[in-house]
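Take a look at the structure set out below.
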Amino acid sequence: MLSVVLAAILFTIVYRSHGSHFFNINPPRWLAIFVAYAALGGLIFLFVVLFIPLINDQVGVISGLDYEQVIGEVVAPVQSIESFMIDKNLTNEPPGFLVETIRESVTSGIANIQVQNILNSILSTTSSLFIGILALAFITFMLLYEKGLLRNNIISNIPNQYFEVSIGALNKIEKLLSNYLLGLTFQVFMIFSIAAIGLSILGVKYALTIALFAAFANLIPYAGPIFGSTFGIIVGLSTGSDLITTNDYVFLVLKIVGVFSVVQLTDNILLQPLIFSKSVKVHPLEIFVIIFAGASIAGIPGMIAAIPAYTILRVSISELRKGYKQYYIFKA
């Protein structure tokens, strides 16, 4: 299903590249597909390049932490709670029990986020991820290279008595899904542009990185905007070396929340009504179930891809069912 979605997104690039002429030479279809792959690879490369400075900055912050100071700041308010519990006879534990528990929790938590542990976790998943990427790339290549491969196989298995109505339904499905995927691309671009411009004007660090993450996270209905704004606030606070007073932190949070409020208003009032027609709208309960199904299968990428993949299935089944129903009425 991911290959079908990716092939539909890259089809326009392949079609334009294959149909163009350079010095009266028509590029072969396989070359046009590699051009589309190069464009996708360039987009992924830009995505990685934008995140590298942020990751380096966060690694520097973690490496430069004074762990004893962190533990001291966490333990200070706990001591007051512990003293209150002992004075009121709310516990029979000896003095220092709560402080020691917090100290052990903080120490183990810091140990779990060491860079070496993170690298080991990444390396352990590299092989399976690499195999998955190869499978996705190969299936997508075949769908793009064999023009109409999937469509022709579907048509060849349709009985003659349903041939006309099936062709009509397939044409409508292709049009709806093409408009839907182009709409998603436009939505991502607009949200990225609005967030990047707004955060840059307000002087928030890593504005492009925050905007890019928010644009793709917004593909997850309901939870996506929360993920995007939360990521922006965390990045802003953790990289705000020039923040001194509490008012500075509050003002920074208000700036980020203000930008994302404008983004969401624009998305809800302008973008979504233009992009999502009644043919692809789904019930919130369906979205909830599909998102968690995607998360259980492939994590965050699965959450992002779940709705487009489900939309393809839903629209396909709905249009075919509608076409057959009208066909039976006409036949009767």
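Just so you know, all these numbers are worked out from the coordinates, no wet-lab data involved. Here the structure is a predicted model, which is why all the values come from computation and not from measurement. Here the Cβ positions follow ideal geometry from the backbone for every residue, glycine too, while neighbour counts run over all protein chains shown.
Work out the FRET efficiency for ILE25 and TYR145 from their Cβ-Cβ distance, taking R0 = 22 Å, and round it to the nearest 0.05.
Taking R0 as 22 Å, the efficiency between ILE25 and TYR145 is 0.70.
Calculate, in nm to one decimal, what GLU93 and THR126 gain on full extension: separation in residues at 0.36 nm each, minus their alpha carbon distance.
So the chain would gain 7.2 nm between GLU93 and THR126.
Over region 158-332, what is the relative contact order in whole percent, taking alpha-carbon pairs under 8 Å and six or more residues apart?
Contact order relative to length: 28 percent.
Can you sort VAL48, VAL188 so the residue with the fewest Cβ neighbours within 10 Å comes first?
With the sparsest Cβ surroundings first, the list reads VAL48, VAL188.
Can you compute 3J(HN,Hα) from phi for each residue in region 245-256, using the Karplus curve 6.51 cos²θ - 1.76 cosθ + 1.60 with θ = phi - 60°, rounded to whole Hz and x for Gly and Pro?
Result, rounded to whole Hz: 8, 5, 4, 5, 5, 5, 5, 5, 4, 5, 5, 5.
Output needed: percent of Cα pairs per 5 Å distance bin for region 158-332, bins running from 0 to the one holding the longest distance.
With 5 Å bins starting at 0, P(r) equals 1, 8, 15, 16, 14, 12, 10, 8, 5, 4, 3, 2, 1, 1, 0, 0.
Could you derive backbone 3J(HN,Hα) for region 297-303 from the dihedral phi with the Karplus parameters 6.51, -1.76 and 1.60 (θ = phi - 60°), listing whole Hz in sequence and x where the residue is Gly or Pro?
Those phi angles translate into 7, 9, x, 5, x, x, 5 Hz.
What is region 1-52 by shape, rounded, prolate or oblate, if you read a ≥ b ≥ c off the alpha carbon gyration tensor as root eigenvalues and call it rounded for a/c under 1.5, prolate for a/b larger than b/c, and oblate otherwise?
Because a/c hits 1.5 or more and a/b fails to exceed b/c, region 1-52 counts as oblate.
With +1 on each Lys and Arg Cβ and -1 on each Asp and Glu Cβ, how big is the dipole of region 158-332 about its Cα centre, in debye rounded to the nearest 20?
Once rounded to the nearest 20, the dipole reads 660 debye.
Report the number of Lys pairs in region 158-332 whose alpha-carbons are under 15 Å apart, with separation of 8 or more residues or on distinct chains.
6
Which is farthest toward the positive dipole end of region 158-332 among GLY183, GLY323, VAL263, measuring Cα position about the Cα centre, with Cβ charges +1 (Lys, Arg) and -1 (Asp, Glu)?
Value: GLY323.
Defining a contact as two alpha carbons under 8 Å apart and six or more residues distant in sequence, what relative contact order in percent does region 161-220 show?
32
For a Förster distance of 51 Å, can you work out the FRET efficiency between the beta-carbons of ALA135 and ASN160, rounded to the nearest 0.05?
Working from the Cβ atoms, E equals 0.90.
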